[in-house]
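Participant: Have a look at this one before I ask anything.
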Amino acid sequence: MPLREFKIVVLGSGGVGKSALTVQFVQGIFVEKYDPTIEDSYRKQVEVDGNQCMLEILDTAGTEQFTAMRDLYMKNGQGFVLVYSIISNSTFNELPDLREQILRVKDCEDVPMVLVGNKCDLHDQRVISTEQGEELARKFGECYFLEASAKNKVNVEQIFYNLIRQINRKNPVGPSKKDKSGSKCALL
């Protein structure tokens, strides 16, 4: 059986640690210096619940100048990691608009998504409480929430594994790649 591929898009404001989380997951290293990303793509084979999966992870730009590229990622992505920094209000406040944009581009109400409060190792500088993150995830509906630290490898794998499980639940592997319901929300 061929490897099932998953297209995951990592989104959020500049400087929240999207690349740090992605590189920690894919390569097992922490990137200390901040170097703004335009767009990086990573591939990693993992086993989730006994199934081999090939992840294609798109680490996107957090800066506004690349928003035109966002619609394209959103159209092609199957699952989304929405990242904010627990030490920055503005990065948290931007996420509802980002989620709305994903739902609009996908023309769908239920898109696999994980909300991540990154930099939980900087708890002494925290401005966004865990409860605020949980509350936002509840507002987002069926959105999984966790706090992570790319630096200390806290919850990094869980982000991507949870997203794969959500995609699998929404679109189980079957004999056909056609969505029998005719739904526009099909991921394949």
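The values are calculated or read from the model by the stated rules, or taken from the named source; none is laboratory data. Remember, predicted model here, so these are calculated numbers, not experimental data. Glycine also receives a Cβ, built like all others from the backbone with ideal geometry; neighbour counts cover every protein chain displayed. Remember, those area values only see protein heavy atoms, side chains included, never the ligands or the DNA or RNA. Shrake-Rupley method; radii C 1.70, N 1.55, O 1.52, S 1.80 Å.
Participant: I need the full set of residues from the stretch 74-104 which are open to solvent by less than 30 Å² (accessible area, probe 1.4 Å) and of a type in the set (Val, Ile, Thr), in order please.
Facilitator: Val81, Val83, Ile86, Thr91, Ile102
Participant: In the set Tyr34, Tyr84, which member is at pLDDT below 90 and on the phi < 0 side of the Ramachandran plot?
Facilitator: Numbers: Tyr84 fails: at pLDDT below 90.
When all the criteria are applied, what remains is Tyr34.
Let's see how each residue does on (1) within 19 Å of Arg169 (Cα to Cα); (2) in contact (Cβ under 8 Å) with a residue 24 or more places away in the chain; (3) surrounded by fewer than 19 Cβ atoms within 10 Å (Cβ to Cβ):
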position	(1), (2), (3)
Val116	no, yes, no
Asp121	no, yes, yes
Asp124	no, no, yes
Ser129	no, no, yes
Ala137	yes, no, no
Phe145	yes, yes, no
Ala148	no, yes, no
Glu157	yes, yes, yes
